[in-house]
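The values are calculated or read from the model by the stated rules, or taken from the named source; none is laboratory data. Everything quoted here is computed from the prediction, not taken from an experiment. Cβ sites come from the backbone with ideal geometry, for glycine too, and all protein chains shown count toward neighbours.
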Amino acid sequence: MPTNPPPHSQPLQPWQIVIFGLPLLVGAAMSLLLAVFIGKFYIDVVLMPAGIMAIAIVVGRAFDAITDPLMGWVSDHTRSRFGRRKPWIAIGVLGNTAMFYLLLTPPADLDPALAAWWGTAFLIVSFLFLTLSAIPRTAFAAELTLDTLERQSLFGGIAALVAIGALVGALLPTILAGMGIDDQREQMRWQATLYSLAYLGFNALFLMLIKERADFIDRGRVPFVPGIRRAWRNKPFRIMFSSHIITAIPIAMPATLLPFYVQYVLGADEAWIGYYLLAYLISGLVCLPLWLLLAESIGKRKVWLIVSGIAVVGGFALFFADYGDTKFVLIIEILVGSQSAAWLFLGGAMHADVIDYDELRTGARREAQFSALWAVIPKFALIPGAALPLAILGSVGYEPNEAIQSENVTFTMKLLFSAIPALLNAIGLSLMYWYPLSEQRHRQIRDGVAAHAIGKPAIDPITGQQLQPPGLREVDEATAWRMDYFSGRELRLLSHGNQRGVVAVIALKAALLMLATVATGWLGISGIDSIRIDPGPLPAIAITAAGLLLAFTLYHLARLRPALQLTRNPLPSQTIAMHLRTIKQG
């Protein structure tokens, strides 16, 4: 029986929040550059076909469905004298810096085909290094403090620094142009150099000064596949994950299309791109303290619903803008921007609350595994949010560097920039209405974790179920995690002694998924006739599907060994029945 009291974090100091957030400030500027400017740079300057650019984004993000969850598991299981987060952050930062610099500085003498390969290769590899650093960093933030108000201060401070970083990213091209650096290649080279140096310096400071929590080192070592299955049984996670998938798309889509929307829908000068970015970002930064105060007063969930409503109204309003309506769009950008920074602290603080609920249910601290699952969302949102719009523009007749596009192209830009993101935000808002965690329930969760730590039962504030400490439940934890390799239907087969049937079912699922992966991958590749020719949206969609199917294939393959082990050492039917009852109650 546990006898040690639960760990308590030391109060966070303001300087720790600043040091933790400085690398994210630079990272926000780098991300804005990639989200808003890199697509048009490669399409109009490097002359990479829009559909090929979309495929480059898709391939890199498709692999994230595999690498992100795996990185979460690896980070939670890492043991080193430098910690379980810092070694991976350091490797990821070094690699991502190199890839970022090379991506922004393609040699001018490359022909379009080689330039396309250059951009594709470095974009894909940069995604991999970003995973190595981002997943452990997000987990690091979630475990830095357990106090609700401190979490809001931490993620509020990070949100402010990220908003400032995005402002820097929006302003720097204008500043460079004011210094006489008008050539776009030269601008990219300057930005690559400045951001790379700042990113390395601030990350070195962070790694030296911010310490990991030693008391959490051994609290996240759970099997990979059962960990994913238990995460999905976590109701707050399930609702938030589903909402995130839908609402992450509207974030990526307008950012990617903004330069096109300004030039061809509004008929405005390129300077308006900067004006809109500044209006959006400054509005978010100014309103951030208001959202923080409101979250303390009425709770994070209600603030989430309010800011989602603003995004919906603003998005639909943008659809009615037409040629020359620059000032109208500026007002809408200020309105929509007012809620932009709120997501930066709401997401982080609410994610950490969900992880606390998982600790009450499982006894484990799995910050990195949960962070990895959440990290998949914005990356895959780039496929429909960033890659597909570019592919669609190519398919409806977009002509690079033309002063005027067809009516069909401009209407498509308007639809993708405004109405579709607003509709998706409305759907995500409706899902979060059912989110069950409040500040009061979170306090009950922390009290329950404390009770478990001294061997006492606790009440699940969401289900009302009494939970024994993990080491004192009907089914011991090692056996329970072992059974979580299997679905409820598979466990019922096992309870009837049909172990070989379960092996056959899992093998069949893996085989069918592998065939589907190969088929969709071939469909995507065969749709690319030449790297010089725009292939349209079909290859991007097919490659996206292939990446997801491959992830599901590997998931089922990872379950084969535990299933085969049960053919030699079957579990008692009574034990399986007790575990199924626990799952149903939860």
Could you list, in sequence order, the residues of the range 135-147 that are of a type in the set (A, V, I, L, M, F, W, C) and either without any contact (Cβ under 8 Å) to a residue 12 or more places away in the chain or part of a loop (DSSP other than H, G, I, E, B) (or both)? Leu144, Leu146
Sort out which residues of the range 448-487 are over 13 Å from Arg361 (Cα atoms) and charged (D, E, K, R), and write them in order of number. Lys456, Glu474, Asp476, Arg482, Asp484
Within the range 45-67, tally of residues that are modelled with pLDDT of 75 or more and out of contact with any Lys or Arg (no Cβ under 7 Å at 6 or more places or on another chain): 4
Is it the case that the range 334-344 has a residue that's within 25 Å of the chain's Cα centre (by Cα), in the same structural domain as Leu171 (by TED's automatic domain parsing) and over 18 Å from Ile164 (Cβ atoms)? yes
Could you count how many residues in the range 71-88 are in a helix (DSSP H, G or I), touching a helix residue (DSSP H, G or I) at 6+ places or on another chain (Cβ under 6 Å) and surrounded by fewer than 24 Cβ atoms within 10 Å (Cβ to Cβ)? 2
Taking the stated definitions as given, is Thr120 more than 30 Å from Val59 (Cα to Cα), among the β-branched types (Val, Ile, Thr), out of contact with any Ser or Thr (no Cβ under 6 Å at 6 or more places or on another chain) and at pLDDT below 85? no
Filtered residues of the range 345-357 (kept if more than 17 Å from Ser242 (Cα to Cα) and at pLDDT 85 or above): Asp356, Tyr357
Quick one: which of Glu212, Glu150 is touching a residue at least 24 places away in the same chain (Cβ under 8 Å), outside any helix (DSSP H, G or I) and not aliphatic (A, V, I, L, M)? Glu212
State whether one or more residues within the range 391-402 are at pLDDT below 75, of a type in the set (Ser, Thr, Tyr) and within 27 Å of Ile251 (Cβ to Cβ). no
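Quick grid of which residues meet (1) buried (at least 20 other Cβ atoms within 10 Å of the Cβ); (2) outside any loop (DSSP other than H, G, I, E, B); (3) not assigned by TED's automatic domain parsing to the domain that holds Met99:
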{"residue": "Ala163", "(1), (2), (3)": "yes, yes, no"}
{"residue": "Leu167", "(1), (2), (3)": "yes, yes, no"}
{"residue": "Gly180", "(1), (2), (3)": "no, no, no"}
{"residue": "Ala192", "(1), (2), (3)": "no, yes, no"}
{"residue": "Ser196", "(1), (2), (3)": "no, yes, no"}
{"residue": "Met208", "(1), (2), (3)": "no, yes, no"}
Can you confirm whether the range 301-312 contains a residue that is among the small types (Gly, Ala, Ser) and in a loop (DSSP other than H, G, I, E, B)? no
Could you tell me whether the range 535-555 includes any residue that is modelled with pLDDT of 90 or more, crowded, with 19+ Cβ neighbours inside 10 Å and under 16 Å from Arg229 (Cβ atoms)? no
Any residue in the range 155-180 that's closer than 16 Å to Met30 by Cα: show its pairings with residues that are in a helix (DSSP H, G or I) and of a type in the set (Asp, Glu) at Cβ separation under 9 Å, as long as the two are six or more apart or on different chains. Leu176/Glu186
For the range 447-491: of the residues being β-branched (Val, Ile, Thr) and at pLDDT 85 or above, which is farthest from Arg559 (Cα to Cα)? Ile454
Consider the range 286-300. How many of its residues are surrounded by fewer than 20 Cβ atoms within 10 Å (Cβ to Cβ) and part of a helix (DSSP H, G or I)? 8
